[in-house]
1. Classify region 37-96 as rounded, prolate or oblate from the Cα gyration tensor: take a ≥ b ≥ c as the square roots of its eigenvalues, call it rounded if a/c is under 1.5, otherwise prolate when a/b beats b/c and oblate if not.
2. Once you sort the root eigenvalues of the Cα gyration tensor of region 214-309 as a ≥ b ≥ c, which label holds: rounded (a/c under 1.5), prolate (a/b larger than b/c) or oblate (the other case)?
3. Would you count, across the chain, every pair of lysines whose alpha carbons are under 23 angstrom apart, provided the pair is eight or more residues apart or spans two chains?
4. Which one is right for this structure if Rg and Dmax of the Cα atoms in Å is calculated from it: (i) 20.0, 61; (ii) 19.0, 55; (iii) 27.1, 85?
5. Could you give the distance between the Cα centres of region 276-290 and region 183-221, to the whole Å?
6. Under the definition of Cα pairs under 8 Å and six or more residues apart, what whole-number percent is the relative contact order of region 126-288?
7. Express in % the proportion of alpha carbon pairs of region 126-288 at distances exceeding 21 Å.
8. Between Gly7, Pro193, Ala35, whose Cα lies farthest towards the positive end of the dipole of the chain when Lys and Arg beta carbons carry +1 and Asp and Glu beta carbons carry -1, centred on the Cα centre?
Amino acid sequence: MQSEYIGVEIGGTKLQIVAGDGSGAIGQRWRFTVAAKEGGAGIRRQIETVLAKHLPALEGIKAIGTGFGGPVDWQSGKIACSHQIEGWSEFDIKTWLKKLTGLPVVIDNDANVASLGEALRGAGAGHNPVMYVTLGSGVGGGLVANGAIYHGAKPGEAEIGHVRLDRHGATVESRCSGWSVDAKIRAYIARHPESVLAKLAAGQTKGESRWLSPALAQGDEAAQTILNEVAEDLAFGLSHVTHLFHPEAIVLGGGLSLVGEPLRAAVAQSLPQFTMKAFAPGPVVRLASLGEDSVPVGALLLAAKRAAE
């Protein structure tokens with residue numbers, strides 16, 4: 001395969017650099033764990049080292065696409081900030097990468113870039129529009145319409161995590177993020193120390209949501225109750241997306257989506273009760289299929305679009 005583009009994923013815990021073609025196919029990959037204590041400067045050194053070593057051997061590279069784990073100004077190429085790694089605020093990564101490589105560069109928020117990957121080459125392929133939701137330490141999202149990321153007026157994006165669920169401040173993120181589900185499980189375990197969930201968690205106080213799937217497999221009623229609550233809250237938030245943008249598909253990604261089919265089915269079952277009957281059957285709900293490749297694949301597609309323009 002002839003690599004034509006470079007894709008970069010800059011996260012709070014990992015850095016991925018890939019070379020691939022305009023279809024999003026990955027030919028080569030360099031993956032690193034991020035050293036948080038070294039800050040943004042440390043990550044930039046890693047990127048510079050990889051590109052200096054490997055880019056000369058990759059003939060015909062046309063552009064670089066980048067997905068950054070935090071808010072960015074996609075037009076100017078400046079990073080607003082990183083909520084996980086210091087040393088990124090106001091950094092002009094677009095200009096930096098262009099000077100480093102001499103190539104056209106495009107950058108966007110990692111959830112937007114992942115949404116492009118899943119919409120065109122993942123679980124949303126064949127549907128339009130596609131709404132992607134990432135359920136991780138926070139809740140993010142991206143909307144892809146007609147093959148392109150939707151960008152609203154600055155600083156607007158498809159911020160599904162901040163959609164309100166009531167008038168008192170509850171949001172999709174406060175109810176459906178990994179940390180909120182962890183908190184639900186901890187509260188339940190405190191009340192029911194002999195439960196299946198309590199035995200599986202075995203005193204852990206972080207990342208308890210990983211035990212939802214095995215608890216569900218054992219028929220644990222508490223796990224099912226927690227899952228139903230999360231799915232209903234998420235479906236309620238997604239009903240607003242459905243009414244406003246009418247996506248043909250909603251794709252669920254991020255760490256919490258690893259609960260798998262029980263989560264997908266529960267969201268799909270809950271969504272119709274919050275949407276107009278005229279919209280039936282509504283969007284299909286699917287689990288993300290690209291795994292950790294969603295951002296790199298999206299970055300390659302973004303780079304190809306930039307080169308074409």
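1. Values: a/c = 2.86, a/b = 1.47, b/c = 1.94.
It is oblate, given that a/c is not under 1.5 and a/b is not larger than b/c.
2. Verdict is oblate for region 214-309.
3. Lysine pairs meeting both conditions in the chain amount to 29.
4. Answer label, from the structure shown: (i).
5. Using only Cα atoms to place each centre, the spacing works out to 29 Å.
6. Relative contact order, region 126-288: 26 percent.
7. Summing the P(r) of region 126-288 above 21 Å gives 45 percent of all pairs.
8. Comparing the listed Cα positions along the dipole, Ala35 ranks first.
Rule-based calculations on the coordinates, nothing more; no lab input. Just so it is clear, the model here is predicted, and its values are computed rather than measured. Neighbour counts run over all protein chains shown; Cβ positions are idealised from the backbone, glycine included.
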